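Reading through the structure tokens given below for one structure.
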Amino acid sequence: MKAPPRLQPLVDEGLIDSVVRQLMSGKEAMVFVVRCGDETRCAKVYKEATQRSFRQAVDYTENRKVKNSRQARAMAKGTRYGRESQEAAWQSAEVDALYRLAAAGVRVPKPYNFHDGVLLMELVTDAHGDAAPRLNDVAFTPDEARTHHASLLTEVVRMLCAGVVHGDLSEFNILLAADGPVIIDLPQAIDAAGNNHAPRMLLRDVANLRSYFGRYAPELLATEYGAEIWDLYVRGMLTPEVVLTGRYEHQTGAVDLSGVMREIDDARAEEAARRLRMADSN
């Protein structure tokens with residue numbers, strides 16, 4: 001196919017030889033299958049901020065590093081330079097997370113290059129060499145669900161040990177490759193130690209996995225892996241080799257009403273986003 005305008009500069013630079021087809025169009029980017037020499041890869045073209053349905057929420061961008069104080073002031077004031085800097089930071093966050101997580105042994109697509117708002121990375125494939133499906137497009141037996149759930153909990157632990165929380169993990173941004181689940185879509189990934197919302201997002205990520213795989217293996221619905229993982233993390237006892245039980249004894253205390261209301265609002269927003277993704281995938 002003819003190279004889209006956003007990919008033409010990469011063709012001109014020799015980073016891409018040809019564009020094979022469009023693979024998908026999501027809430028934050030379009031993904032194309034491309035040829036690079038003898039290899040088939042994918043090119044993720046980030047949408048402009050005005051075209052994205054996913055907000056750069058303060059919860060996700062809290063304490064993200066910027067190059068200098070001028071950039072930080074511009075982003076805070078919302079100037080044109082500030083918006084451009086914020087957009088660049090949002091895009092580069094996924095690139096940084098991919099390299100960081102790959103080095104930690106997390107199964108994510110291998111990144112190759114980032115050029116002018118386009119991320120070149122590994123094309124994740126299934127056993128037949130075709131583009132791997134998302135989890136929500138696959139049905140599982142109870143045993144398969146338990147296996148994949150355990151595998152993804154291991155990835156969540158590895159991510160947290162590397163200081164990263166995905167922040168939007170669900171069946172819609174996990175691919176089922178020939179060698180197992182692969183975690184994708186990381187521009188909203190957050191610093192576990194530097195973001196006050198990290199505990200809530202980690203719990204939500206793990207709860208999403210529990211809810212999805214619990215459809216096939218109902219006993220998973222009674223587990224408390226998220227709380228257990230975060231408790232081990234804050235106590236400095238979390239390692240990639242940790243053996244999880246899925247049990248956690250919650251501490252009783254005064255109720256944070258504002259926090260409860262915020263969780264309710266977040267749950268409603270997440271459900272609305274989930275319904276939108278399901279509608280888009282049909």
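Every number in this text was worked out from the coordinates using simple rules, so none of it is lab data. Predicted model only: the values in this text are computed from it and were never measured. When we count neighbours, we look across all protein chains shown, and the Cβ atoms used for this are built from the backbone with ideal geometry, even at glycine.
Computed from backbone phi, the HN-Hα couplings of the range 122-138 come to 4, 8, 6, 10, 8, 5, 9, x, 8, 4, 5, x, 6, 4, 5, 9, 10 Hz, rounded to whole numbers (Karplus: 6.51 cos²θ - 1.76 cosθ + 1.60, θ = phi - 60°; Gly and Pro given as x). Note on residue 193 and residue 136: the extension gain reaches 17.5 nm, defined as 0.36 nm multiplied by sequence separation minus the Cα-Cα distance. Less than 5 angstrom separates the built amide H of residue 17 from those of 35, 36, 37, all sequence-distant by 5 or more or on a different chain. For the range 124-161, the residues whose amide N sits under 19 Å from a probe point set 7 Å from the Cα of residue 178 along the beta carbon direction are 124-135. Karplus-derived 3J(HN,Hα) values for the range 171-186, using 6.51 cos²θ - 1.76 cosθ + 1.60 with θ = phi - 60°, are 5, 8, 10, 10, 9, 9, 8, 4, 9, x, x, 10, 8, 10, 6, 10 Hz; glycine and proline are entered as x. The trypsin sites (Lys or Arg not before Pro) of the range 125-215 that meet both conditions, a loop assignment by DSSP and at most 16 other Cβ atoms within 10 Å of the site Cβ, are 215.
Starting from 0.36 nm per residue, how many nanometres of slack lie between residue 150 and residue 25 once their C-alpha separation is accounted for?
42.1 nm
For the range 109-163, the Kirkwood estimate of the hydrodynamic radius, built from every pair of different alpha carbons, is 13.9 Å.
A simple spin-label model places pseudo-atoms 7 Å from Cα toward Cβ; at residue 247 and residue 92 they are separated by 4.7 nm.
Starting from the Cα gyration tensor of the range 148-233, take the square roots of the eigenvalues, sort them a ≥ b ≥ c, and report rounded, prolate or oblate (rounded when a/c is under 1.5, otherwise prolate if a/b is larger than b/c, else oblate). Write out the running numbers ahead of the final one.
Values: a/c = 1.81, a/b = 1.25, b/c = 1.45.
It comes out oblate by the Cα gyration axes.
In sequence order, the range 19-33 has phi-based couplings of 9, 7, 6, 7, 8, 6, 10, x, 6, 10, 7, 10, 10, 10, 8 Hz under the Karplus curve 6.51 cos²θ - 1.76 cosθ + 1.60, θ = phi - 60°, and Gly or Pro positions carry x. The H on the amide N of residue 113, modeled in the peptide plane, is under 5 Å from the matching H of 120, each at least 5 residues off or on a different chain.
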